[in-house]
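The values are calculated or read from the model by the stated rules, or taken from the named source; none is laboratory data. No experiment lies behind these values; they were computed from the predicted model shown. Quick reminder, even Gly has a Cβ in these numbers, built from the backbone with ideal geometry, and neighbours come from all protein chains shown. Areas reflect the complete protein model, heavy atoms only, side chains present, ligands, DNA and RNA absent. Shrake-Rupley method; radii C 1.70, N 1.55, O 1.52, S 1.80 Å.
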Amino acid sequence: MRSLVDGLGLSFGLPDQPEDEDYRRILSGRRNLRIEAEETLDPDSLVSIKDFTNFGEFSGSGWVSGIASPTTARLEFVLPLAGDYRVKAVIRLPDHVIRLDGKEFSVSGENLFTPVDLGILPLDAGMLEVELRLPPNGAIDYLEFQAVDLPEIAPIGGWQPDRPLGRVDLAVTALQALGVDHLLPRAAPDLALEAENAEDPGGATVVTTRYLGAPSGGRWLRATTTNAEVLLSFSITHPAFYRIDLIGAGSLPAGVRINEGRQRDIAWPSYLAPASAGGVYLERGRHQLKVLLPPGSGFDLVHLRGLRSRPEDLASLAGMGGFPEVPHVAELDALLALLAALGPLP
């Protein structure tokens with residue numbers, strides 16, 4: 001786990017004295033971060049921390065309040081992963097100035113806590129400092145950084161630092177780091193989910209429109225003039241990797257989320273056609289699939305295509321067929337060198 005972060009060039013997103021959870025956070029690929037002002041405040045800032053709700057509900061244990069005259073506060077925190085982030089803040093009162101990554105943003109709130117949008121910023125991983133110039137009695141609750149999640153890299157069952165690393169662990173994490181787990185050979189059984197049978201259409205409506213293509217069963221789901229979040233439940237009897245394919249139509253990208261995993265973007269043409277949302281490992285049991293549809297988009301069918309997931313299949317695709325069950329350090333070093341040569345994650 002630690003060597004993989006270093007080998008992929010992702011160690012800039014670690015704090016000075018990282019714990020196991022810091023490595024897990026990077027390899028999770030999640031790029032949705034809420035920075036609580038009271039937790040990241042420079043103690044030399046001439047402000048106070050308050051926790052009453054006179055100005056609305058707040059996030060975390062409190063909020064940062066200015067004084068009777070203009071003052072400056074600084075927040076410091078580590079951004080685990082680089083990316084193009086949409087940055088938002090929750091502030092109180094007009095005439096705040098937020099300085100981040102060499103750029104200044106003049107933003108204003110109301111008397112109650114008010115969300116404001118700073119736009120999209122390309123940010124590098126590592127230590128970030130935010131300078132806040134607060135008006136008299138101004139306040140900030142938190143900053144939020146949102147970017148598209150990266151693919152998760154983790155062994156089946158997650159990282160378990162107290163368990164020996166096995167060949168399958170190396171194979172799975174290598175395939176995920178390379179983004180090729182969906183290229184495993186096909187294997188039965190497949191599972192088909194009809195969109196119109198969703199337990200919760202989430203604002204989408206069942207349509208019989210055929211001029212965009214012939215839907216399976218004669219019906220499909222389509223969002224109207226607003227976003228829709230469709231929920232389908234299904235059961236898996238054969239734990240394995242599955243490739244997620246959806247037949248849909250739409251001019252804007254849709255999102256797909258399995259259980260509480262990362263959102264995967266998927267794009268269709270303007271007519272009903274298949275597209276893939278990549279691969280995922282599914283354990284035996286009940287699962288949920290959410291399809292996030294922008295206005296006018298829709299889908300007809302979800303195919304969960306079973307992939308061969310025996311240890312020898314995983315090792316073969318990763319080019320590790322000769323590895324023993326418990327790899328030697330030299331073999332681990334060779335794999336990490338290969339992944340490093342192919343470059344860090346985008």
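Does the range 1-54 hold any residues that are aromatic (Phe, Trp, Tyr) and assigned to a helix (DSSP H, G or I), and which are they?
Here is the first cut: in the range 1-54, the ones aromatic (Phe, Trp, Tyr) are 12, 23, 52.
Phe12, Tyr23 - these are the residues of the range 1-54 that are aromatic (Phe, Trp, Tyr) and assigned to a helix (DSSP H, G or I).
Per the listing Gly279, Gly306, Gly250, the residue uniquely out of contact with any Lys or Arg (no Cβ under 6 Å at 6 or more places or on another chain), open to solvent by less than 40 Å² (accessible area, probe 1.4 Å) and closer than 28 Å to Arg31 by Cα is Gly250. Does Phe58 satisfy the condition of being under 30 Å from Arg257 (Cα atoms) and touching a Ser or Thr at 6+ places or on another chain (Cβ under 9 Å)? In short, no. None of Val291, Val230 is aliphatic (A, V, I, L, M), crowded, with 20+ Cβ neighbours inside 10 Å, part of a strand (DSSP E or B) and within 18 Å of the chain's Cα centre (by Cα) except Val291. Candidates Arg186, Arg222, Arg210: the one that is at pLDDT 90 or above, surrounded by 22 or more Cβ atoms within 10 Å (Cβ to Cβ) and charged (D, E, K, R) is Arg222. Do any residues in the range 97-126 that are in contact (Cβ under 8 Å) with a residue 60 or more places away in the chain have Cβ atoms under 6 Å from those of residues that are open to solvent by 60 Å² or more (accessible area, probe 1.4 Å) and outside any strand (DSSP E or B), where the two are at least six apart or on different chains, and which pairs are they? That search, which allows pairs on different chains as well, returns Ala125/Phe12; Gly126/Phe12. The residues in the range 150-176 that are open to solvent by less than 20 Å² (accessible area, probe 1.4 Å) and either part of a helix (DSSP H, G or I) or closer than 14 Å to Ser309 by Cβ (or both) can be counted, and the count is 8. Residues that are touching a helix residue (DSSP H, G or I) at 6+ places or on another chain (Cβ under 7 Å) and closer than 22 Å to Asp20 by Cβ were ranked within the range 117-149; the one that is surrounded by the most Cβ atoms within 10 Å (Cβ to Cβ) is Ala125.
Return yes or no: is Gly261 open to solvent by less than 40 Å² (accessible area, probe 1.4 Å), touching a helix residue (DSSP H, G or I) at 6+ places or on another chain (Cβ under 7 Å) and within 20 Å of Leu150 (Cβ to Cβ)? Spell out the reasoning first.
On the way: open to solvent by less than 40 Å² (accessible area, probe 1.4 Å): yes; touching a helix residue (DSSP H, G or I) at 6+ places or on another chain (Cβ under 7 Å): no; within 20 Å of Leu150 (Cβ to Cβ): yes.
Spelling it out, it is not the case that Gly261 is open to solvent by less than 40 Å² (accessible area, probe 1.4 Å), touching a helix residue (DSSP H, G or I) at 6+ places or on another chain (Cβ under 7 Å) and within 20 Å of Leu150 (Cβ to Cβ).
On the basis of being over 14 Å from Glu131 (Cα atoms), touching a strand residue (DSSP E or B) at 6+ places or on another chain (Cβ under 6 Å) and surrounded by fewer than 18 Cβ atoms within 10 Å (Cβ to Cβ), does Asp42 make the cut? Can you show your working first?
On the way: over 14 Å from Glu131 (Cα atoms): no; touching a strand residue (DSSP E or B) at 6+ places or on another chain (Cβ under 6 Å): yes; surrounded by fewer than 18 Cβ atoms within 10 Å (Cβ to Cβ): yes.
Against the criterion (over 14 Å from Glu131 (Cα atoms), touching a strand residue (DSSP E or B) at 6+ places or on another chain (Cβ under 6 Å) and surrounded by fewer than 18 Cβ atoms within 10 Å (Cβ to Cβ)), Asp42 does not qualify.
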